[in-house]
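Colleague: This is the structure, below, for whatever I ask next.
The values are calculated or read from the model by the stated rules, or taken from the named source; none is laboratory data. These numbers come from a predicted model, not from an experiment. Ideal geometry is used to build each Cβ from the backbone, glycine not excepted, and the neighbour counts take in all protein chains shown.
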Amino acid sequence: MSDTPPDLSDLTHPPHHRAEVVFAVASFLVAVLLAALWSSQTTWIDGQDWSRQPGLWPLIAVVGMLLFGAGELAACLIRNARNGGGDVRAELGLWLKALEYAAWFLIYVLATPWIGYLPATVIFATLLAVRLGYRGRVLLLSPLVALGIVLVFKAGLSVRIPGGAVYDLFPQGLRNFLVLYL
Amino acid sequence: MDTFLDALAIVSRWEVIAALIAGSVGGVIIGAIPGVGPAVAIAILLPATFGMEPIVGLTLLLGIYGSALFGGSIPSILINTPGTPVNALTTYDGFPMTKAGEAPRALGLSFGASFFGGIFAVIALIVLSPVLARIAPMFGSREIFLAALLGCVLVVVAHRGQSLAAGALLMFGLFLNTVGMEANNYTQRYTFDLAFLTQGVNLIVVVLGLFAVSQAFTLLTGRDDQEAAPEIHGSVWKGVREVFRNKRVAVAGSLSGTIMGIIPGVGEFTSQFLSYTYARASSKAPQLFGKGSPEGLIASETANNSVPPAAMVPLLALGIPGEALTAMMLSVFYVHNVIPGPGLFRSHMDFVMALYICLGLLNLLALAFLLVATKPLLKVLVIPNRYLGMIILTLSFVGIYSLRNSAVDCVIAAAFGLLGVVLKRLNLPIVPIILGMVLGGIMETKFRTSLPRIRSLYSWIDRPVAMVIFCLICIVLALHLWGLWRDWKGKSDGSVQH
C-alpha cells in the first residue's frame, strides 16, 4: 500500500466525459430557441414598469441559460481538447437505450385507464421482468410484487387512481370494490 | 415548557408514531439498497403524503431522509458500493476495514457516528430555536428574496468544477417555474398554446421524473452485478461505543454537517469534505486515512448525518429549501396551506418542536433497528439492479399518476426521466434544476411584494438583515472568483514548469 492520502477530488470534481459536449450543444441550442421565442411567448404590457412585466423572469432565466450555457459549451470544448474521457457514440447509444423503457412506461400509463390499475401493474411487471431476462422464481415473484404495490398504495394509502373501464363489465358490488381498492 | 408539552402531545398520537417507525425503519432499508436512495423514495411517497396531516406526512418523509444515510453505510462498508451517493466517502475507510476482517467494528463505528451526528444536529436545532424565532420575523420580502438569491449563488458555487453547468441547470429550473399562466396579469408564458402547459410545469412531476424515473431507467439499462449476500460475524456494539471515545472528530464532523446543512445549497458533500480534511489533518495516524481509519469513518458519517436536521432550519425559518429533499417537503407544507417561514415560529411553535422531537426519535429508532436487524438486512443487497429498476418504475407511476390522473404528467415525467439519465451519466448535477424551480418561484413572488417599498437600488439592502445577506452574497462570489483565479494560476504555472 502506498502512503499517498485518498484523493477526495472525485467528491467535488466528478470525472469528465467527452459526451458532455453533445449535451452542452443541445442545451445551448434550446436556450437560443427559447430566447428567439421570448417576444412571442411572453407579453410586454405597455406603460407598465419593467420590474412588473410578466416577461421579466422568463427573460432573466433565458438570458441566464444562454450565458451559462455558452460558458459550459466553451469549457466542454476546452476539456475535450485537453483530455479524453470515454467514447461519445457508445454513450449516446446508452442514452437511446433508455428510450425503450420510456416506451414501456408510457404503454403502462395508457393501459391503466382501460384495463385497471391492478391488471395493468401485474401485466407490466411480469412482461418487463420477462424482457429483462428473468426466469424462474424471480419471474414468479413479479406479479406478487405488483400486487403488493397495488395493495399498499391503492387499498392501504388510498392514492387516487381511477378504476379501469373494464371494471364496468362486472356486477355493481364487485365493480365498486375493484374501483375502490384495486 | 407548555410548547414542549403540546409538541409531546402531537408526537404521542398513534399516526405520528406509526409514521415515525415506518419512516425510520423504511429509510434504513431503502438506504441499504444501492440504487434507490432517499430522494427516489421521498419522490414516490410524496403524493401519498398529501392525504395525511402535515405532521404525519412530514414525519414519514423526514424518517426516510434522516435514516437512509444510516442504512446507506452498510453496502459502502461491506461491498464497496455506496447505498446513497452521500455515503461514497464511507467506502474510503469502511471497505478497507472489511477487507481487514473488521466489518462489525466498521459498521458499529458508522452507526454510532450517524447517531452522534443526527442527535448533535437536533440538539443544535433545539438550542437555536429561540434565536431563530427571534431572527425569523426580521425577514421581510426583501430579505427572503435576497436569501433565495444567496441560495441560488451557493448552489452554483458549491458545484466546483461544474459551476457553469450548475448555473445553466439552475436557470433552466428558473425557466420551468415561469412556464404557464402568470398570476398577476393573467398572461401566458411559454405555453405554446398548449392547454396542459397553462397550469405550468408541476414541481412534483419534475422531481419524480428527475429522481425516480431516471433512476429506474438508469438501473434498467445497466447490469445486474450483485454477488452473494455478505456475512458478518461479531457484534457491532464495540464500534458504536468507540465513536464516543473519538469525541473530537465526532463533534467536528457534526459541527461541519450542521453548519453546512443550515446554509442553503451546500449540503452533505461539502460538509464531509471539510470534516474528513480536518480529521486527517489533526489525526495522530493520518497515514491510515483511506486505508481503514476509524477516525475517517467517524468524520464522514457524523458530517453526512447531521445535515438532514440542519437542512430544516432554512426551510422552517424562511421557507427556503436548501436542497432537493427539503424542496420536496416544502410541497407537503403548501398542500396543507401551512406556509413555512417567519410566521411558523410565531403561530405553530408546537408543530416545529414536534418535528424536532421526531427528528431526534428517528435517530434512536434507526440505531435500535440496525443493532438488532443488520444481519437480516444484508439480504436486500442481493436484489438485482434491473429488477429494482422495474420496481421503481412501477412505483413511479403511482406517484405521478395519482397527482392529477394525467397521462400528460406521465409523459412529462418520462421526458425528465430521460434528461435525468443523461445528467447522471455525465455526472452533472440534478439538484440545481429543482432548486431553480423552487427558489425561482420564491424570488419572483418576493421581488413583486418588495417593489412598493423600493425607492432606489439601495432600498433593497437598507435594512440590517438584508445588508448582511447582500454582504454574504458578495463574499461568496468573491471567494469563488478568487478560487477560480487560483486554480487557473496553478494550472498555468504547472504548464509553464512542464
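Colleague: Would a scan of the stretch B:4-17 turn up a residue that is crowded, with 24+ Cβ neighbours inside 10 Å, under 22 Å from B:A373 (Cβ atoms) and assigned by TED's automatic domain parsing to the domain that holds B:V206?
Modeller: First pass over the stretch B:4-17, keeping only residues crowded, with 24+ Cβ neighbours inside 10 Å: none.
Checked against the condition, which is being crowded, with 24+ Cβ neighbours inside 10 Å, under 22 Å from B:A373 (Cβ atoms) and assigned by TED's automatic domain parsing to the domain that holds B:V206, the stretch B:4-17 yields no hits at all.
Colleague: Within the group B:G265, B:G322, which residue is farther than 29 Å from B:L371 by Cβ and touching a Cys at 6+ places or on another chain (Cβ under 9 Å)?
Modeller: Numbers: B:G322 fails: touching a Cys at 6+ places or on another chain (Cβ under 9 Å).
B:G265 is the lone residue from the list that is farther than 29 Å from B:L371 by Cβ and touching a Cys at 6+ places or on another chain (Cβ under 9 Å).
Colleague: Take the stretch B:475-494 and flag every residue that is modelled with pLDDT of 90 or more, surrounded by 11 or more Cβ atoms within 10 Å (Cβ to Cβ) and either farther than 23 Å from B:G161 by Cβ or among the hydrophobic types (A, V, I, L, M, F, W, C) (or both).
Modeller: Scanning the stretch B:475-494 gives B:V476, B:L477, B:L479, B:L481.
Colleague: Same structure, new question: Please go through the stretch B:78-94 and pick out each residue that is farther than 16 Å from B:Y276 by Cα and not in a loop (DSSP other than H, G, I, E, B). Walk me through how you get there before you give the answer.
Modeller: Residues of the stretch B:78-94 farther than 16 Å from B:Y276 by Cα: B:78-85.
Matches in the stretch B:78-94: B:L78, B:I79, B:P85.
Colleague: How many residues are within 8 Å of another protein chain (Cβ to nearest Cβ) and either outside any loop (DSSP other than H, G, I, E, B) or charged (D, E, K, R) (or both) when one looks only at the stretch A:51-62?
Modeller: Step one: of the stretch A:51-62, the residues within 8 Å of another protein chain (Cβ to nearest Cβ) are A:51-52, A:54-55, A:57-58, A:60-62.
Retained after the next criterion (residues that are either outside any loop (DSSP other than H, G, I, E, B) or charged (D, E, K, R) (or both)): A:51-52, A:57-58, A:60-62.
The qualifying residues number 7.
Residue-wise test of (1) modelled with pLDDT of 90 or more; (2) within 26 Å of A:A61 (Cα to Cα); (3) facing another protein chain (nearest Cβ under 10 Å).
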site	(1), (2), (3)
B:A168	yes, yes, yes
B:L176	yes, yes, yes
B:V179	yes, yes, yes
B:A216	yes, no, yes
B:G234	no, no, no
B:V251	yes, no, no
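Colleague: Six or more apart or on different chains, Cβ under 6 Å: which pairs go from a residue in the stretch B:443-471 that's outside the structural domain of B:N184 (by TED's automatic domain parsing) to one that's hydrophobic (A, V, I, L, M, F, W, C) and surrounded by fewer than 16 Cβ atoms within 10 Å (Cβ to Cβ)? Could you list them?
Modeller: Hits for this filter: B:I461/B:M467; B:V465/B:M138.
Colleague: Looking only at the stretch A:47-99, how many residues end up being without any contact (Cβ under 8 Å) to a residue 12 or more places away in the chain and of a type in the set (V, I, T)?
Modeller: 2
Colleague: Further question on the same structure: Evaluate the following for B:A415: is it in contact with an Asp or Glu (Cβ under 7 Å, 6 or more places away or on another chain) and within 29 Å of B:A183 (Cα to Cα)? If you could, list the steps in order and put the result at the bottom.
Modeller: Details: in contact with an Asp or Glu (Cβ under 7 Å, 6 or more places away or on another chain): no; within 29 Å of B:A183 (Cα to Cα): yes.
Criteria not met by B:A415.
Colleague: Run down A:A26, A:A102 and say which single residue is in the same structural domain as A:L132 (by TED's automatic domain parsing), out of contact with any His (no Cβ under 9 Å at 6 or more places or on another chain), within 21 Å of B:L428 (Cβ to Cβ) and free of Cβ contacts under 8 Å to residues at least 24 places away in the same chain.
Modeller: Details: A:A26 fails: in the same structural domain as A:L132 (by TED's automatic domain parsing).
None of the other options fit; the residue is A:A102.
Colleague: May I pose another question? Determine which single condition B:V335 fails, assuming it passes every other condition in (1) over 30 Å from B:G420 (Cβ atoms); (2) surrounded by fewer than 20 Cβ atoms within 10 Å (Cβ to Cβ).
Modeller: Of (1) over 30 Å from B:G420 (Cβ atoms); (2) surrounded by fewer than 20 Cβ atoms within 10 Å (Cβ to Cβ), only one is false for B:V335: (1).
Colleague: Here's another thing I want to ask about it. Return only the number of the condition from (1) away from every other protein chain (no Cβ under 12 Å); (2) surrounded by 18 or more Cβ atoms within 10 Å (Cβ to Cβ); (3) among the aliphatic types (A, V, I, L, M) that A:L140 does not satisfy.
Modeller: So the condition that A:L140 fails would be (2).
Colleague: In the stretch B:33-43, is there at least one residue being part of a helix (DSSP H, G or I), of a type in the set (A, V, I, L, M, F, W, C) and over 15 Å from the mean Cα position of the chain (by Cα)? Don't jump to the end; show me each part of the working.
Modeller: Here is the first cut: in the stretch B:33-43, the residues part of a helix (DSSP H, G or I) are B:37-43.
Checking the rest, the ones that are also of a type in the set (A, V, I, L, M, F, W, C) come to B:39-43.
If we keep only those that are over 15 Å from the mean Cα position of the chain (by Cα) too, we end up with none.
No; the residues of the stretch B:33-43 include none that is part of a helix (DSSP H, G or I), of a type in the set (A, V, I, L, M, F, W, C) and over 15 Å from the mean Cα position of the chain (by Cα).
Colleague: Take the conditions free of Cβ contacts under 8 Å to residues at least 12 places away in the same chain, aromatic (F, W, Y) and assigned to a loop (DSSP other than H, G, I, E, B) and apply them to A:W44. Does it pass?
Modeller: On the way: free of Cβ contacts under 8 Å to residues at least 12 places away in the same chain: yes; aromatic (F, W, Y): yes; assigned to a loop (DSSP other than H, G, I, E, B): yes.
It is true that A:W44 is free of Cβ contacts under 8 Å to residues at least 12 places away in the same chain, aromatic (F, W, Y) and assigned to a loop (DSSP other than H, G, I, E, B).
Colleague: Could you list, in sequence order, the residues of the stretch A:74-103 that are more than 7 Å from chain B (Cβ to nearest Cβ) and crowded, with 20+ Cβ neighbours inside 10 Å?
Modeller: A:C76
Colleague: State yes or no: is B:L316 hydrophobic (A, V, I, L, M, F, W, C), modelled with pLDDT of 85 or more, over 24 Å from B:I29 (Cα atoms) and crowded, with 18+ Cβ neighbours inside 10 Å? Reasoning before the result, please.
Modeller: Numbers: hydrophobic (A, V, I, L, M, F, W, C): yes; modelled with pLDDT of 85 or more: yes; over 24 Å from B:I29 (Cα atoms): yes; crowded, with 18+ Cβ neighbours inside 10 Å: yes.
When the stated conditions are applied, B:L316 passes them.
Colleague: Then there's this: Condition check: small (G, A, S), crowded, with 20+ Cβ neighbours inside 10 Å and in contact (Cβ under 8 Å) with a residue 40 or more places away in the chain. Does B:A103 satisfy that? Before the answer, list the steps.
Modeller: Working: small (G, A, S): yes; crowded, with 20+ Cβ neighbours inside 10 Å: yes; in contact (Cβ under 8 Å) with a residue 40 or more places away in the chain: yes.
Answer is yes for this residue.
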